[in-house]
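The values are calculated or read from the model by the stated rules, or taken from the named source; none is laboratory data. Not measured: the values here are computed from a predicted model. Cβ sites come from the backbone with ideal geometry, for glycine too, and all protein chains shown count toward neighbours. For accessibility, only protein heavy atoms count, side chains too; no ligands or nucleic acids. Shrake-Rupley method; radii C 1.70, N 1.55, O 1.52, S 1.80 Å.
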Amino acid sequence: FALVAADFDDDGRDDVAVGVPGDLDGGVAAGAVNVIYGSGNGLATADNKLFRQDAGGIQGDSLAGDRWGIALAAGDFDANGSSDLAVGSSLEDLGSLQDAGAVIVIYSGANGLAAAGNQLWSQETDGINGTAEEGDRFGRWLASGDFAGTGISSLVVGVPAEDVGTKVDAGTLHVIKGSGGTGLTSTGDQQWGQGATGVPNTNEAGDGFGRVGSIAGA
């Protein structure tokens, strides 16, 4: 459903992550992500990995309908020289808030992506702008980019069903900044939408700002 290619193990060869948001876990379609690593002969089955929420140290609950893996993005969020992986779960429930959405970031290590130090981001995370609401779909679209020219990637998170004032589903996007050594940080989180200072046009109901997009140079 979603694909991203990047060098997750810093061996000079690209690897591929594959989102499988309808994958069954314990009989329920909660979602998963496959990671297949590159080799001297191209992609190979050796050391391939399968990630799921609530398994092997990955945060969050693996629940029916979460759609974990519906969106993917890769970037070097901690400036260690290899790419990390962000996984969207746009229908993730946050407590009683159904389909509020969340994103898990899995960091790279010496042997590729590993669960150690993974982060869960949502609009309930301290320092993230906005308020988590039912149906927001935080994480429906993801991208990364080095917007400040520091050599460190930031994560872009689309929230297409975010209500802006009285404008239902107007949509916004967040830019969560990377930092050397520690990875993504909520410090300086930016929230963008139509009608924000310097952004043309105005928010309207149903706009879906942040529903889908593309950023090169991540």
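When you restrict to C-alpha pairs under 8 Å that are six or more residues apart and normalise by the size of the chain, the relative contact order lands at 15 percent.
If contacts are Cα pairs under 8 angstrom and at least 6 residues apart, what is the relative contact order of segment 1-84 in percent?
Relative CO of segment 1-84 lands at 32 percent.
Normalised by residue number, the volume inside the convex hull of the Cα atoms of segment 39-97 is 133 Å³ per residue. Here the Karplus relation 6.51 cos²θ - 1.76 cosθ + 1.60, evaluated at θ = phi - 60°, turns the backbone of segment 34-51 into coupling constants of 9, 10, 10, 9, x, 9, x, 10, x, 4, 9, 6, 4, 6, 5, 10, 10, 10 Hz, with x for every Gly and Pro. Coupling constants for segment 176-186 follow from the phi torsions by the Karplus curve (6.51 cos²θ - 1.76 cosθ + 1.60, θ = phi - 60°), and in residue order they are 9, 7, x, 8, x, x, 9, x, 5, 9, 6 Hz; glycine and proline get x. What stretch of the chain, leaving out the sites themselves, is the longest with no GluC sites (Glu not before Pro) in a DSSP loop having at most 16 other Cβ atoms within 10 Å? With a cap of 16 other Cβ atoms within 10 Å, the longest stretch comes to 1-123. If the Kirkwood radius is taken over C-alpha pairs of segment 105-189, then at 4 °C and 1.567 mPa s the Stokes-Einstein diffusion coefficient equals 93 µm²/s.
As a ratio to 2.2 N^0.38 Å, the alpha-carbon radius of gyration computed for the chain takes the value 0.98.
Dividing the Cα convex hull volume of segment 1-47 by residue count, how many Å³ per residue is that? All intermediate terms of the calculation are to be shown ahead of the outcome.
Working: hull volume 3.6 nm³, N = 47.
So the per-residue hull volume is 76 Å³.
At 1.4 Å probe size, with the rest of the protein present, what percent of the exposed accessible area of the chain is carbon and sulfur atoms?
So the carbon and sulfur contribution to the accessible surface is 49 percent.
Restricting segment 1-41 to chymotrypsin sites (Phe, Trp or Tyr not before Pro) that sit in a DSSP loop and have at most 16 other Cβ atoms within 10 Å of their own Cβ leaves 1.
Taken about its Cα centre, the chain carries a charge dipole of about 320 debye when Lys and Arg each add +1 at the Cβ and Asp and Glu each add -1 at the Cβ.
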